[in-house]
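Input: a single structure, listed below in structure tokens.
The values are calculated or read from the model by the stated rules, or taken from the named source; none is laboratory data. Just so you know, these numbers come straight off a predicted model, no measurement behind them. For neighbour counting, all protein chains shown are included, and Cβ atoms are generated from backbone atoms with ideal geometry for every residue, glycine included.
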Amino acid sequence: MNNILNLIILTVGGLAGGSFATCMVTRYVHHQSPWGRSACEHCHHQLTWWQLIPVVGVLIQRRRCAWCRQPISWQSTGSELACTGIILAEWWCTKLPPVHLIILVTWLAILTGEDAATQTVCPGMLWGGTLLLGTLTLPVVLTTVRLHLSFILLLLGPLLVLAWRRQLGSADVVLTGAVALLYGPRFACAVLFGAAGAALLAFLLRRSRHSLPFIPFLAGALLIGLAVLR
């Protein structure tokens, strides 16, 4: 019975989280306020409550805006389904609390989308997610700080130097520090090395030599690490 209830919570939370992530990334990329009602991107008519229901709202409208009949992008629906699938897979492998997983995956989806599109992230979203997850796992965070503070500082020191030399983003350092506090510094090291290896491979395989956003690699390594290593 508990598993069924958890699956329902995870599914509903994943769909809602994916919808929220798409909304936040779109508004950040287009320099819009994160507050206020959502509207059609074509006619700018405010959406009603039933149009905002993840997946269902798009299906009811037959993928066309109820007001202007312009096609609705599958981007939000794809994000909703992807977040739900990732959350369910992570829960199956880790059995972490549903609320923790929903917040974590939604937060990572937002940071990944923002960094991939602009190579920057919203500071409020970065620190807000860190504080929220830290509050949910406060006893673990306090224990980690008490036992491994020197290890965490040793891990973050070189990253801060790279950020100061503009070879690494400050958001990458904050996210790595958050991983170290939430899941332990040894796990954070594994995530960091996995992300760095994947980013290096992607850099070598691509034709251009422009800088790559690093948060998508950190987020991917974190989720894979949680599923495999913990």
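Being at pLDDT below 90 and not assigned by TED's automatic domain parsing to the domain that holds Leu218 narrows it down to one of Cys83, Cys65, so name that one.
Result of the check over Cys83, Cys65: Cys65.
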Out of everything in segment 182-230 that is at pLDDT 95 or above and among the β-branched types (Val, Ile, Thr), what residue ends up being nearest to Trp107 (Cα to Cα)?
Ile215
When you go through Ile152, Ile224 one by one, which is the residue that is within 19 Å of the chain's Cα centre (by Cα) and assigned to a helix (DSSP H, G or I)?
Ile224
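So which residues in segment 1-57 are of a type in the set (Phe, Trp, Tyr) and either outside the structural domain of Cys83 (by TED's automatic domain parsing) or under 20 Å from the mean Cα position of the chain (by Cα) (or both)?
Scanning segment 1-57 gives Phe20, Tyr28, Trp35.
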Long-range neighbours under 7 Å by Cβ, at least six apart or interchain, first residue more than 22 Å from Glu114 (Cα to Cα) within segment 32-58, second hydroxyl-bearing (Ser, Thr, Tyr) and outside any loop (DSSP other than H, G, I, E, B)
Val55/Thr77; Val58/Thr77
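Table: residues versus (1) modelled with pLDDT under 95; (2) exposed (fewer than 14 other Cβ atoms within 10 Å of the Cβ).
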position: Trp107; (1), (2): no, no
position: Gly113; (1), (2): no, no
position: Val121; (1), (2): no, no
position: Thr137; (1), (2): yes, no
position: Arg146; (1), (2): yes, yes
position: Leu153; (1), (2): yes, yes
position: Leu168; (1), (2): yes, no
Counting only residues in segment 58-69 that are assigned to a loop (DSSP other than H, G, I, E, B) and under 29 Å from the mean Cα position of the chain (by Cα), the one farthest from Cys43 (Cα to Cα) is identified as Arg62
Determine if segment 94-117 includes at least one residue that is free of Cβ contacts under 8 Å to residues at least 24 places away in the same chain, in a helix (DSSP H, G or I) and not aliphatic (A, V, I, L, M).
no
How many residues of segment 193-224 are surrounded by 19 or more Cβ atoms within 10 Å (Cβ to Cβ) and closer than 19 Å to Pro97 by Cα? The answer is 3
Taking segment 98-129, which residues are β-branched (Val, Ile, Thr), over 11 Å from the mean Cα position of the chain (by Cα) and under 23 Å from Gly85 (Cα atoms)?
Val99
Among all residue pairs at least 6 apart or on different chains, which show Cβ distances below 6 Å where the first residue, located in segment 70-82, is in contact (Cβ under 8 Å) with a residue 40 or more places away in the chain and the second is assigned to a loop (DSSP other than H, G, I, E, B) and not aromatic (Phe, Trp, Tyr)?
Glu80/Pro54; Glu80/Val55
Going through Thr106, Thr137, Thr112, Thr143 one at a time, which residue ends up being over 25 Å from Ile9 (Cα atoms) and not aliphatic (A, V, I, L, M)?
Thr143
Here the residues within segment 1-31 that are farther than 26 Å from Gly124 by Cβ and surrounded by fewer than 14 Cβ atoms within 10 Å (Cβ to Cβ) are Met1, Asn2, Asn3, Ile4, Leu5, Ile8
Tally time: how many residues in segment 1-47 are touching a Phe, Trp or Tyr at 6+ places or on another chain (Cβ under 7 Å) and in a loop (DSSP other than H, G, I, E, B)?
3
